[in-house]
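Structure first, then comments.
Readers should treat all values here as calculations from the given coordinates under stated rules, not as data from a laboratory. All values derive from a computational prediction rather than experimental measurement. All Cβ positions, glycine included, derive from the backbone under ideal geometry; neighbour counts span all protein chains shown.
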Protein chains: 2
Amino acid sequence: MSGWVVIAGLGPGSPDLVTPEVAAALAGATDLVGYAPYLSRVAPQPGQIRHETDNREELDRARHALTLAASGKRVVVVSSGDPGVFAMASAVFEAVEAGPPDWRGLDIRVLPGVTAMLAAAARAGAPLGHDFCAINLSDNLKPWAVIENRLSLAVRADFAIALYNPRSKARPDGFGRALALLRERCEPGRVMIFARAVSTPDESLRIVTLAEAMPGMADMRTVVLIGSAATRIIPRAGMPFVYTPRSVPE
Amino acid sequence: MSGWVVIAGLGPGSPDLVTPEVAAALAGATDLVGYAPYLSRVAPQPGQIRHETDNREELDRARHALTLAASGKRVVVVSSGDPGVFAMASAVFEAVEAGPPDWRGLDIRVLPGVTAMLAAAARAGAPLGHDFCAINLSDNLKPWAVIENRLSLAVRADFAIALYNPRSKARPDGFGRALALLRERCEPGRVMIFARAVSTPDESLRIVTLAEAMPGMADMRTVVLIGSAATRIIPRAGMPFVYTPRSVPE
């Protein structure tokens, strides 16, 4: 059995943010598996088979990739960003754990990538420059109460916060509830960044205060960064710089 | 004035994890500024000037880079990992804010990279597959009480946790105190990963329980990952897979 599964992070969108390691894996694959918009980022290669799936079918997609590898195929499962951050890697290991014992013997590797919050932060300056956390705002797979509890504790810890999947057509209301929670617990001038589709032609970046933030500023292609209490804005001509200092005073 | 400053993330070590965007910036620079071990990762280029500094001199290094750019140089400040995560980007913006007003008009860009926790997580499986946080364990620039408070709240929130800079010769004791705090608050079987120098020839990975963890397992080249309560181990021949499921049950 010489098949393998690589779960590869394509980064936030631009080919300039795809690591050489991921590019080499893509070039060596017999089969690519993934959500269609992510597969469309990969240049076609003669003889390589593409298995396009819908966004909600992560476990099916994972099982399919493992089945192909068990039959000797060299499979890349493509993820946006980093595969280990709210993406395909966990789904693959869930499938491995629940699957036939021989799947545990497969050559399975995760290749890291630039996750959305890092690309978003880089565009704004260094808002994640001190301790921070990442929270998936989707309640498809967890109760909303868990999200609210984590968000409250993150504010108490004074982490900068990255919110993934803040809002979608199927979940129009959660982000508004998150904003309401933040407004109860943070000062109105708290810095927020709405970073949409960073490094793609659709990129947009909006820097606002918590008081100015509105649910409609986020969609499913947006990552939202919330500064800590220490996060600062440097005004200048054009887009300001946003950064969180490295120091916390005594 | 045609100078610029790029703060570039070289990733965790391997050239295969340097993005094409960063490689292009390095190729176009007149001057490179950075900590000597990071500069040594960049292939020399004729005519390019290297300004090597010690690890503790981030602000001096930042000011030097900005001064060079203000005089028309094309400067890359090199960081390991991602420059926005406990690295050089915040230092540069601190220097900009405190510096002469014309520095705000400079062309300053941050180029993201693969930060250590993502490379470490990828090697182990998907331990950061659900909500997580990143905490810098160094108390050089913040009181230890802030670190303990954040760690406690992170455990209460049931985040997976990445600890950067867990231990160094100058700070031999903090990580042991962090372990003691974790032992008070988490079950003994909590999964921990000690990932050292991932993607370099010195790479090592150790997967243990909290009960087995010892301070000496970490040094200044180690990132420590602590699973959430839900993090699972998949036993297999050789190194097990570690992952955190995407779901939180009701």
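Within a 10 angstrom radius of each residue's Cβ in A:131-143, how many Cβ atoms of other chains show up on average? Whole number is fine. The partial results should precede the final answer.
Numbers: counts 13, 8, 12, 8, 6, 5, 1, 1, 1, 2, 6, 8, 3.
Per residue, the average neighbour count from other chains is 6.
In region A:146-250, what trypsin sites (Lys or Arg not before Pro) fall in a loop by DSSP, with at most 15 other Cβ atoms inside 10 Å? Kindly include the intermediate steps, with their values, before the conclusion.
Numbers: sites: A:150, A:156, A:167, A:169, A:177, A:183, A:185, A:190, A:196, A:206, A:221, A:232, A:236, A:246; in loops: A:167, A:169, A:190, A:221, A:236, A:246.
Sparse-neighbourhood loop trypsin sites (Lys or Arg not before Pro): A:169, A:236.
Please compute the net charge surrounding residue A:58, taking Lys and Arg as +1 and Asp and Glu as -1 over other residues with Cβ under 9 Å from its Cβ. Mind dumping the intermediate values first?
Numbers: positive: A:56, A:61, B:246; negative: A:57, A:60, A:94.
Here the count lands on 0.
Cα atoms only: what Rg and Dmax, in Å, come out for region B:135-232?
12.6, 37
If you rotate chain A onto chain B, whose Cβ in A ends up lying nearest the axis, and how many Å away is it?
That would be A:133, 2, residue then distance in Å.
Just want to confirm a number: the relative contact order over region B:1-149, from Cα pairs under 8 angstrom separated by 6+ residues, in percent.
Here the relative contact order equals 33 percent.
What residues qualify as long-range amide H neighbours of residue B:53, i.e. H under 5 Å apart, gap of 5 or more or another chain, H built at 1.01 Å from N?
For residue B:53, the qualifying residues are B:34, B:35, B:36.
Could you pull the copy-to-copy label distances for residue A:235, with points set 7 Å along Cα to Cβ, in nm to one decimal and sorted shortest first?
Result for residue A:235, in nm, nearest copy first: 6.4.
Given the C-alpha centroids of region A:167-191 and region A:1-54, what is the distance between them in whole angstrom?
Region A:167-191 and region A:1-54 have Cα centres spaced 35 Å from each other.
Sorted from largest down, give the three principal axis spans of the alpha carbons of region A:197-243, whole angstrom values.
Projected onto its principal axes, the Cα set of region A:197-243 covers 27, 23, 15 Å.
Extending each Cα 7 Å along its Cβ direction at residue A:200 and residue A:181, get the distance between those two points in nm, one decimal.
2.7 nm
Given the convex hull over the Cα atoms of region A:1-129, what projected area results after averaging over all orientations, in nm²? Don't skip to the answer; put the middle values down first.
Working: hull surface 32.2 nm².
About 8.0 nm², averaged over all directions.
Given +1 on the Cβ of Lys and Arg, -1 on the Cβ of Asp and Glu, and no further charges, what dipole in debye does region A:4-114 carry about its Cα centre, rounded to the nearest 20?
Working: 9 positive and 13 negative charges, 43 e Å.
Here region A:4-114 has a charge dipole of around 200 debye.
Considering every residue in B:233-243, what mean count of other chain Cβ atoms within 10 Å of its Cβ is obtained? Mind dumping the intermediate values first?
On the way: counts 1, 7, 2, 7, 2, 2, 0, 1, 8, 1, 10.
Mean inter-chain Cβ contacts per residue within 10 Å come to 4.
For A:215-223, what's the mean count of beta carbons from other chains sitting within 10 Å of each residue's beta carbon? Before the final figure, lay out the partial values.
Working: counts 0, 0, 0, 0, 0, 0, 0, 0, 0.
Shielding by partners across A:215-223 averages 0.
How would chain A be classified by its alpha-carbon gyration tensor: rounded, prolate or oblate, with rounded meaning a/c under 1.5 and the a/b versus b/c comparison settling the rest? Mind dumping the intermediate values first?
On the way: a/c = 2.27, a/b = 1.83, b/c = 1.24.
Prolate shape, in that a/c is at least 1.5 and a/b is the bigger ratio.
Provide, in order from the shortest bin, the percent of all Cα-Cα pairs of the protein assembly as shown in each 20 Å bin, continuing until the bin that contains the maximum pair distance.
Answer for the protein assembly as shown: a P(r) of 25, 60, 16, 0 percent.
Count the net charge of all other residues whose Cβ sits under 10 Å from the Cβ of residue A:10, scoring Lys and Arg as +1 and Asp and Glu as -1. Write out the running numbers ahead of the final one.
On the way: positive: A:41; negative: A:82.
So the environment of residue A:10 carries a net charge of 0.
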